[in-house]
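Here, each number is a calculation from the coordinates, and none is a lab measurement. Small disclaimer: the values here were computed from a predicted structure and weren't measured. Neighbour counts are summed over all protein chains in view; Cβ atoms, including those assigned to glycine, are modelled from backbone coordinates with ideal geometry.
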Amino acid sequence: MAVAAVTACKNRNKATQETAENVTGTEIVTSDAHTSRNSLDYAGTYKGTLPCADCSGIETTIKIDADGNFERTMTYLGKGEGNEFKDSGTYEWNSEGSIIELKDQQGGSFKYLVGENRLVALDQSGNVITGELADYYVLTKQQAE
């Protein structure tokens, strides 16, 4: 009987330890699920000059509101007067909470990786643009006035 009691206690301790490890593992995953969406103060105004195939660059300003709306101004540099375009629309987060997709009122779609005080323009497939011009696809968050 003493052997049975010791064996039962060992099995219960082993089960308790496994359960604790499972709970701990779940807690770590749950508490460590930081994303750009839930960890960063992403709402604000971002500015930068994006590369342009037939001009000096596209001076871009994007204002992102926490309520899911955006406003964007793009000025094509070196093209003379009348080269400023404004649009607005809504944005949605991807399932990982790291990328926003701007959807303008004309049906256009533009993706950005959201980082600490920056937006990185992505290609239409949602991939980071690489190469020697990669650094020019970054918009920097502006300080509130």
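Fewest-first ordering of THR130, THR61 by other beta carbons within 10 Å of each residue's beta carbon gives THR130, THR61. Taking other residues whose beta carbon is less than 11 angstrom from the beta carbon of LYS111, and scoring Lys, Arg as +1 and Asp, Glu as -1, yields -2.
By the scheme Lys and Arg +1, Asp and Glu -1, what is the net charge of all other residues having a beta-carbon under 11 Å from that of GLY126?
Numbers: positive: LYS111; negative: GLU96, GLU101, ASP123.
Neighbourhood net charge equals -2.
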